[in-house]
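The values are calculated or read from the model by the stated rules, or taken from the named source; none is laboratory data. No experiment lies behind these values; they were computed from the predicted model shown. Here Cβ is always computed from backbone atoms with ideal geometry, including for glycine, and neighbour counts include all displayed protein chains. All accessible areas refer to the heavy atoms of the entire protein, side chains included, with ligands and DNA or RNA removed. Shrake-Rupley method; radii C 1.70, N 1.55, O 1.52, S 1.80 Å.
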Amino acid sequence: MKRIGQDFVLLAVFAALFLPFVLCGPLYHAYERFNAAHAIVMGGLKFAVLSTLGEIIALRIRTGAYGLKGFGVIPRMVVWFLLGAWIVVSMRVFGAGAPLLADYVFGTGGAVAASMQEGISAYKLLGAFSISLLMNTSFAPVFMTLHKVTDTHIMAHEGRFSCLFKPLPVGKILSGINWRVQWSFVFKKTIPFFWIPAHTLTFLLPASFQVLFAAFLGVVLGVILAFAANK
(Lines give C-alpha, C1' and ligand atoms only; values in the text may rest on other atoms or scores of the structure.)
Protein backbone atom coordinates (compact mmCIF):
# COMPACT_ATOMS: atom_id res chain seq x y z
CA MET A 1 0.00 0.00 0.00
CA LYS A 2 2.85 2.34 0.80
CA ARG A 3 4.29 1.94 -2.69
CA ILE A 4 0.88 2.52 -4.28
CA GLY A 5 0.67 5.74 -2.29
CA GLN A 6 4.08 6.72 -3.64
CA ASP A 7 2.83 6.03 -7.16
CA PHE A 8 -0.06 8.45 -6.59
CA VAL A 9 2.36 11.05 -5.23
CA LEU A 10 4.47 10.72 -8.39
CA LEU A 11 1.37 11.10 -10.57
CA ALA A 12 0.33 14.16 -8.58
CA VAL A 13 3.76 15.74 -9.03
CA PHE A 14 3.64 14.97 -12.76
CA ALA A 15 0.18 16.54 -13.04
CA ALA A 16 1.25 19.59 -11.04
CA LEU A 17 4.15 20.13 -13.44
CA PHE A 18 2.16 19.97 -16.68
CA LEU A 19 -1.53 20.63 -16.08
CA PRO A 20 -1.09 24.37 -15.40
CA PHE A 21 0.32 24.79 -18.92
CA VAL A 22 -2.66 22.92 -20.38
CA LEU A 23 -5.33 24.73 -18.37
CA CYS A 24 -3.91 28.26 -18.35
CA GLY A 25 -3.54 29.86 -21.78
CA PRO A 26 -1.44 32.88 -20.67
CA LEU A 27 0.98 30.57 -18.84
CA TYR A 28 1.36 28.39 -21.93
CA HIS A 29 1.99 31.43 -24.15
CA ALA A 30 4.59 32.68 -21.67
CA TYR A 31 6.25 29.27 -21.85
CA GLU A 32 6.27 29.42 -25.66
CA ARG A 33 7.93 32.86 -25.63
CA PHE A 34 10.57 31.83 -23.11
CA ASN A 35 11.15 28.55 -24.93
CA ALA A 36 11.73 30.40 -28.21
CA ALA A 37 14.13 32.85 -26.59
CA HIS A 38 16.06 30.35 -24.47
CA ALA A 39 15.75 27.04 -26.30
CA ILE A 40 18.96 25.48 -25.01
CA VAL A 41 18.28 26.27 -21.34
CA MET A 42 14.67 25.11 -21.63
CA GLY A 43 15.78 21.94 -23.39
CA GLY A 44 18.16 21.20 -20.54
CA LEU A 45 15.35 21.70 -18.01
CA LYS A 46 12.97 19.43 -19.93
CA PHE A 47 15.49 16.62 -20.02
CA ALA A 48 16.49 17.20 -16.39
CA VAL A 49 12.88 16.67 -15.30
CA LEU A 50 11.57 14.09 -17.77
CA SER A 51 14.64 11.90 -18.29
CA THR A 52 15.28 11.72 -14.55
CA LEU A 53 11.60 10.90 -14.09
CA GLY A 54 11.98 8.11 -16.63
CA GLU A 55 14.90 6.66 -14.68
CA ILE A 56 12.89 6.86 -11.44
CA ILE A 57 9.92 5.06 -13.04
CA ALA A 58 12.27 2.43 -14.49
CA LEU A 59 13.76 1.93 -11.02
CA ARG A 60 10.27 1.47 -9.59
CA ILE A 61 9.44 -1.16 -12.24
CA ARG A 62 12.72 -3.05 -11.81
CA THR A 63 12.98 -3.05 -8.03
CA GLY A 64 9.44 -2.30 -6.84
CA ALA A 65 10.64 0.78 -4.95
CA TYR A 66 11.56 4.38 -5.69
CA GLY A 67 14.41 4.56 -3.23
CA LEU A 68 17.76 2.97 -4.02
CA LYS A 69 20.97 3.73 -2.20
CA GLY A 70 23.36 5.47 -4.51
CA PHE A 71 20.75 6.39 -7.13
CA GLY A 72 21.41 10.13 -6.77
CA VAL A 73 18.36 11.99 -8.10
CA ILE A 74 19.89 15.47 -7.87
CA PRO A 75 23.21 14.58 -9.56
CA ARG A 76 21.25 12.82 -12.30
CA MET A 77 19.12 15.90 -12.87
CA VAL A 78 22.22 18.09 -13.14
CA VAL A 79 23.83 15.69 -15.62
CA TRP A 80 20.60 15.43 -17.63
CA PHE A 81 20.38 19.22 -17.77
CA LEU A 82 23.83 19.36 -19.39
CA LEU A 83 23.14 16.39 -21.66
CA GLY A 84 19.76 17.87 -22.59
CA ALA A 85 21.34 21.15 -23.62
CA TRP A 86 23.78 19.16 -25.77
CA ILE A 87 20.87 17.26 -27.34
CA VAL A 88 19.12 20.53 -28.25
CA VAL A 89 22.26 21.77 -29.97
CA SER A 90 22.61 18.49 -31.90
CA MET A 91 18.94 18.63 -32.94
CA ARG A 92 19.47 22.13 -34.31
CA VAL A 93 22.64 21.14 -36.18
CA PHE A 94 21.29 17.92 -37.70
CA GLY A 95 17.87 19.50 -38.23
CA ALA A 96 19.43 22.18 -40.40
CA GLY A 97 22.03 20.07 -42.21
CA ALA A 98 20.43 16.68 -42.85
CA PRO A 99 17.57 17.96 -45.08
CA LEU A 100 20.12 19.85 -47.18
CA LEU A 101 22.15 16.65 -47.53
CA ALA A 102 18.98 14.76 -48.52
CA ASP A 103 18.30 17.36 -51.22
CA TYR A 104 21.86 16.92 -52.49
CA VAL A 105 21.74 13.10 -52.46
CA PHE A 106 18.28 12.74 -54.01
CA GLY A 107 18.48 15.79 -56.29
CA THR A 108 15.25 17.28 -54.98
CA GLY A 109 16.33 20.88 -55.52
CA GLY A 110 15.74 22.14 -51.98
CA ALA A 111 12.27 20.59 -51.63
CA VAL A 112 13.21 18.53 -48.56
CA ALA A 113 14.73 21.47 -46.68
CA ALA A 114 11.75 23.69 -47.56
CA SER A 115 9.25 21.04 -46.46
CA MET A 116 10.58 21.01 -42.88
CA GLN A 117 8.72 24.26 -42.19
CA GLU A 118 5.45 23.00 -43.66
CA GLY A 119 2.81 20.36 -42.92
CA ILE A 120 3.23 16.61 -43.36
CA SER A 121 4.40 15.55 -46.81
CA ALA A 122 6.57 12.88 -48.42
CA TYR A 123 9.44 15.36 -48.59
CA LYS A 124 9.10 16.18 -44.89
CA LEU A 125 9.03 12.48 -44.02
CA LEU A 126 12.25 12.02 -45.99
CA GLY A 127 13.77 15.02 -44.20
CA ALA A 128 12.73 13.80 -40.74
CA PHE A 129 14.11 10.33 -41.46
CA SER A 130 17.37 11.85 -42.73
CA ILE A 131 17.79 13.90 -39.54
CA SER A 132 17.04 10.92 -37.34
CA LEU A 133 19.29 8.56 -39.28
CA LEU A 134 22.31 10.88 -39.25
CA MET A 135 21.85 11.94 -35.63
CA ASN A 136 21.41 8.40 -34.34
CA THR A 137 24.31 6.89 -36.28
CA SER A 138 26.83 9.60 -35.35
CA PHE A 139 25.82 11.63 -32.29
CA ALA A 140 23.81 8.97 -30.43
CA PRO A 141 26.56 6.36 -29.80
CA VAL A 142 28.85 9.03 -28.34
CA PHE A 143 26.01 10.43 -26.26
CA MET A 144 24.96 7.00 -24.97
CA THR A 145 28.51 6.14 -23.99
CA LEU A 146 28.97 9.44 -22.18
CA HIS A 147 25.71 8.89 -20.33
CA LYS A 148 26.95 5.45 -19.29
CA VAL A 149 30.14 7.05 -17.97
CA THR A 150 28.32 9.71 -15.95
CA ASP A 151 25.79 7.18 -14.64
CA THR A 152 28.59 4.88 -13.47
CA HIS A 153 30.38 7.82 -11.84
CA ILE A 154 27.26 8.78 -9.87
CA MET A 155 26.68 5.21 -8.72
CA ALA A 156 30.34 4.81 -7.73
CA HIS A 157 29.95 7.77 -5.37
CA GLU A 158 26.64 6.44 -4.00
CA GLY A 159 24.65 9.27 -5.54
CA ARG A 160 26.24 11.98 -3.42
CA PHE A 161 25.99 15.52 -4.75
CA SER A 162 29.74 15.94 -4.24
CA CYS A 163 30.37 13.52 -7.13
CA LEU A 164 29.63 16.41 -9.49
CA PHE A 165 32.80 18.14 -8.29
CA LYS A 166 35.09 15.11 -8.47
CA PRO A 167 37.21 14.28 -11.54
CA LEU A 168 35.44 12.02 -14.01
CA PRO A 169 37.69 8.94 -14.56
CA VAL A 170 36.60 8.44 -18.15
CA GLY A 171 39.35 5.99 -19.09
CA LYS A 172 38.81 3.81 -16.04
CA ILE A 173 35.05 3.67 -16.55
CA LEU A 174 35.36 2.98 -20.28
CA SER A 175 37.66 0.06 -19.57
CA GLY A 176 35.02 -1.46 -17.31
CA ILE A 177 32.05 -1.13 -19.68
CA ASN A 178 30.59 -4.35 -21.08
CA TRP A 179 31.10 -3.42 -24.72
CA ARG A 180 29.44 -6.62 -25.91
CA VAL A 181 26.16 -5.47 -24.34
CA GLN A 182 26.76 -1.86 -25.34
CA TRP A 183 27.13 -2.88 -28.97
CA SER A 184 24.73 -5.81 -29.30
CA PHE A 185 21.84 -4.23 -27.39
CA VAL A 186 22.27 -0.49 -26.77
CA PHE A 187 23.64 0.37 -30.22
CA LYS A 188 22.50 -2.49 -32.44
CA LYS A 189 18.91 -2.80 -31.18
CA THR A 190 17.71 0.40 -29.53
CA ILE A 191 19.09 2.71 -32.23
CA PRO A 192 17.50 1.10 -35.35
CA PHE A 193 14.37 -0.29 -33.70
CA PHE A 194 13.49 2.52 -31.29
CA TRP A 195 15.44 5.74 -31.67
CA ILE A 196 15.49 6.13 -35.46
CA PRO A 197 11.70 5.59 -35.84
CA ALA A 198 10.95 7.63 -32.71
CA HIS A 199 13.10 10.57 -33.75
CA THR A 200 11.68 10.45 -37.27
CA LEU A 201 8.31 11.07 -35.64
CA THR A 202 9.89 13.78 -33.47
CA PHE A 203 11.07 15.80 -36.47
CA LEU A 204 7.66 15.55 -38.12
CA LEU A 205 6.24 17.58 -35.21
CA PRO A 206 6.18 21.39 -35.08
CA ALA A 207 9.56 22.73 -33.95
CA SER A 208 8.20 24.00 -30.62
CA PHE A 209 7.24 20.45 -29.57
CA GLN A 210 10.27 18.53 -30.79
CA VAL A 211 12.53 18.87 -27.75
CA LEU A 212 9.68 18.19 -25.32
CA PHE A 213 8.68 15.06 -27.24
CA ALA A 214 12.32 13.93 -27.42
CA ALA A 215 12.53 14.24 -23.63
CA PHE A 216 9.32 12.21 -23.24
CA LEU A 217 10.89 9.47 -25.35
CA GLY A 218 13.46 9.00 -22.60
CA VAL A 219 10.63 8.21 -20.20
CA VAL A 220 9.10 5.73 -22.66
CA LEU A 221 12.39 3.95 -23.31
CA GLY A 222 13.15 3.77 -19.59
CA VAL A 223 9.82 2.02 -18.97
CA ILE A 224 10.31 -0.36 -21.92
CA LEU A 225 13.80 -1.34 -20.78
CA ALA A 226 12.63 -1.80 -17.20
CA PHE A 227 9.90 -4.23 -18.30
CA ALA A 228 12.40 -6.01 -20.52
CA ALA A 229 14.83 -6.36 -17.60
CA ASN A 230 12.10 -7.92 -15.46
CA LYS A 231 11.22 -10.35 -18.24
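Observations
- Contact map, the range 9-31: first residue on the phi < 0 side of the Ramachandran plot, second residue aliphatic (A, V, I, L, M) and open to solvent by 60 Å² or more (accessible area, probe 1.4 Å), Cβ cut-off under 7 Å, separation 6 or more or different chains; pairs are Pro20/Leu27; Phe21/Leu27.
- Single condition Leu101 does not satisfy, out of (1) within 21 Å of the chain's Cα centre (by Cα); (2) of a type outside the set (Ser, Thr, Tyr); (3) surrounded by 12 or more Cβ atoms within 10 Å (Cβ to Cβ); (4) in a helix (DSSP H, G or I): (1)
- Criterion applied to Leu174, Leu164 was being touching a residue at least 60 places away in the same chain (Cβ under 8 Å), of a type outside the set (Asp, Glu), surrounded by fewer than 18 Cβ atoms within 10 Å (Cβ to Cβ) and part of a helix (DSSP H, G or I), and the one residue passing it is Leu164.
- Residues that are more than 12 Å from Val223 (Cβ to Cβ), of a type outside the set (Gly, Ala, Ser) and open to solvent by less than 60 Å² (accessible area, probe 1.4 Å), drawn from the range 51-72: Thr52, Tyr66, Phe71
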